[in-house]
There are 2 protein chains.
Amino acid sequence: MTEPATVAPGRARGGRRDEILVTFTRHVAERGYDRANFGDVASELGLSKGTIVHHFGTKDRMLAEVQERYMRRALDEARAFLTRLDRPEHRLAAFVHAGVRYQTDDPATTIAFQREVVRLTDEPGMETARAQRDAYRDLVVGVLRDGEAAGVFVPGDARLRSLQMFGSLHWMWTWFDPQGRLAPEAVAAEFCRTLLRGLGVPETAVAQAADPDGPAAVCAREVVVG
Amino acid sequence: MTEPATVAPGRARGGRRDEILVTFTRHVAERGYDRANFGDVASELGLSKGTIVHHFGTKDRMLAEVQERYMRRALDEARAFLTRLDRPEHRLAAFVHAGVRYQTDDPATTIAFQREVVRLTDEPGMETARAQRDAYRDLVVGVLRDGEAAGVFVPGDARLRSLQMFGSLHWMWTWFDPQGRLAPEAVAAEFCRTLLRGLGVPETAVAQAADPDGPAAVCAREVVVG
DNA sequence: GTGAACTGACCGCACGTACGGGCAGAGTAG
DNA sequence: CTACTCTGCCCGTACGTGCGGTCAGTTCAC
């Protein structure tokens, strides 16, 4: 179908597996995990249900793989821009810029992940993804604590603040439209401004960190896209 | 079972219907709409699946009823505390205090609603609930605009800010534990502080609006509980 | 030959819903 | 008060369907 000129003509060298995962991810994003099913994915790709089972075993494992891929990427990129930025307000802003950017950069995986995050908490087989998620949150909490210690952020409950921030970002899938007239940069900037100002960052630093052409946004853009 | 001394001994005056809805709501909160099923609800209540169908017709309509009940209550209560409070920062804080309070006051309905909000956007039969949701958001947007016009909030995108705020609140169901050591008042206070400070409200006004014993929190508590 | 990719028929089950009937209380006529 | 009917709540069963997963077998590259 949308074969992008793979190596072998008849047999894609394992790229088929990825194709399945991508399509499944899109279905999860559109309908949710429960309503996504092998039959639809298979017929859309022109192969049989058995093939999907052959590659992934069970539906649960497929979802787990989606979550792990998403989190691995997010973690890698977060660590990348943490090494490139040093000021706490820039670091925190980069998390916001990146988080918003994922909505347009890879909407399917992002939405699939956010729709089904709750399964990380109780479902078995999700241990890896859960650990990744916790690690990611710990990165943000660390930035908040560092900033607090450095006097950049006013004292407060860092964990709670991280949850407040993640809430705003993880809720985006219910209303954000990548094709809409609201640009992701505008959303990220507004979110950054309210958040950083809310943490007590001075107005000039807020403006710089929220600016779509400022160091935090630029860094996030470079890391996330390529 | 848990019959609270109803009027007629043999025949509960329609309270059975409510009982079914309450149980269904709890199941949706715990497992999500797709995994909630008539069989489990029926057996838990000691009645047959047919009874549920008799009362509600279809599963969709049951969910719609849950959403509408929740939104009707939220709307009524929001209008109530808007008439009692006049300062924008207090009004906005009341939304936050109330929103957090719902998590402990009626966790099942709140979680059921928040888990399945996305169905409001596309599913048919949800028009009423969707209109209620939009009306609720418009109330918040109105408060944000008023506060901006009055010079209490710094200029910005009111709609975007409302979404940022709702995100933090609607995401709570994924992490907040009513039995946990984190009190709802503490969460509401921290959320209020970050949000209001982020909107440019002076520190003293922030402290008052966020205070669990301040006018906004007290008003929200009175309205929400009874 | 060996093994991976893939097929297509099939199983078992869970779930939403339809349907016919039972049963108890309210209303009504005598 | 009695007898009869009406009505709404409720039951039990059965049906259709959709879906996850199994399995024996085929094709094809190395």
The lone exception for A:His54 - which of (1) more than 24 Å from A:Phe166 (Cα to Cα); (2) crowded, with 17+ Cβ neighbours inside 10 Å it fails: (2)
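Please state which one of B:Thr204, B:Thr194 is hydroxyl-bearing (Ser, Thr, Tyr), assigned by TED's automatic domain parsing to the domain that holds B:Ala150 and buried (at least 24 other Cβ atoms within 10 Å of the Cβ).
Values: B:Thr204 fails: buried (at least 24 other Cβ atoms within 10 Å of the Cβ).
Step by step, each of B:Thr204, B:Thr194 is checked, and only B:Thr194 is hydroxyl-bearing (Ser, Thr, Tyr), assigned by TED's automatic domain parsing to the domain that holds B:Ala150 and buried (at least 24 other Cβ atoms within 10 Å of the Cβ).
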Qualifying residue in the range B:183-206 (condition: closer than 30 Å to B:Asp60 by Cβ and in contact with an Asp or Glu (Cβ under 8 Å, 6 or more places away or on another chain)): no
Any chance A:Gly50 is in contact (Cβ under 8 Å) with a residue 40 or more places away in the chain and either within 16 Å of DNA strand C (Cβ to nearest atom) or not assigned by TED's automatic domain parsing to the domain that holds A:Asp213 (or both): no
Residues that are within 23 Å of A:Glu116 (Cβ to Cβ) and within 15 Å of the chain's Cα centre (by Cα), drawn from the range B:164-177: B:Phe166, B:Gly167, B:Ser168, B:Leu169, B:His170, B:Trp171, B:Met172, B:Trp173, B:Thr174, B:Phe176
Search result, residues across the range A:172-186 that are away from every other protein chain (no Cβ under 11 Å) and part of a helix (DSSP H, G or I): A:Pro184, A:Glu185
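Could you tell me how many of the residues in the range A:6-19 are within 8 Å of DNA strand C (Cβ to nearest atom) and modelled with pLDDT of 90 or more? First the steps, then the outcome.
Residues of the range A:6-19 within 8 Å of DNA strand C (Cβ to nearest atom): A:11-12, A:14, A:16-17.
Filter again for modelled with pLDDT of 90 or more, leaving none.
Of the residues in that region, 0 qualify.
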Residue in the range B:40-48 that is away from DNA strand D (no atom under 16 Å from the Cβ), among the small types (Gly, Ala, Ser) and either on the phi > 0 side of the Ramachandran plot or crowded, with 17+ Cβ neighbours inside 10 Å (or both) present: no
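Please enumerate the residues belonging to the range A:189-206 that are small (Gly, Ala, Ser) and assigned to a loop (DSSP other than H, G, I, E, B). Reasoning before the result, please.
The first filter runs over the range A:189-206 and keeps only residues small (Gly, Ala, Ser), leaving A:189, A:198, A:200, A:205.
Across the range A:189-206, the qualifying residue is only A:Gly200.
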Residue list for the range A:145-198, filter: under 18 Å from B:His170 (Cα atoms) and touching a His at 6+ places or on another chain (Cβ under 6 Å): A:Trp171
Test for B:Leu139: is it within 12 Å of another protein chain (Cβ to nearest Cβ) and either within 30 Å of B:Phe24 (Cα to Cα) or over 15 Å from the mean Cα position of the chain (by Cα) (or both): no
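Mind checking which residues of the range B:187-212 are within 8 Å of chain A (Cβ to nearest Cβ), over 22 Å from B:Arg145 (Cα atoms) and more than 18 Å from the chain's Cα centre (by Cα)? Explain how you work it out, then say what you get.
Initial filter on the range B:187-212 (within 8 Å of chain A (Cβ to nearest Cβ)): B:187, B:190-191, B:193-200.
Now narrow it down to the ones that are over 22 Å from B:Arg145 (Cα atoms): B:187, B:190.
Of everything in the range B:187-212, just one residue is within 8 Å of chain A (Cβ to nearest Cβ), over 22 Å from B:Arg145 (Cα atoms) and more than 18 Å from the chain's Cα centre (by Cα), namely B:Glu190.
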Hits in the range A:146-158 (condition: more than 7 Å from every other protein chain (Cβ to nearest Cβ), over 9 Å from A:Pro88 (Cβ atoms) and crowded, with 17+ Cβ neighbours inside 10 Å): A:Ala158
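Looking at A:Asp134, A:Asp106, which is the one that is assigned by TED's automatic domain parsing to the domain that holds A:Gly180, free of Cβ contacts under 8 Å to residues at least 40 places away in the same chain, within 12 Å of the chain's Cα centre (by Cα) and under 26 Å from A:Phe191 (Cα atoms)?
Working: A:Asp134 fails: within 12 Å of the chain's Cα centre (by Cα).
Criteria check complete, one pass: A:Asp106.
The values are calculated or read from the model by the stated rules, or taken from the named source; none is laboratory data. Everything quoted here is computed from the prediction, not taken from an experiment. For neighbour counting, all protein chains shown are included, and Cβ atoms are generated from backbone atoms with ideal geometry for every residue, glycine included.
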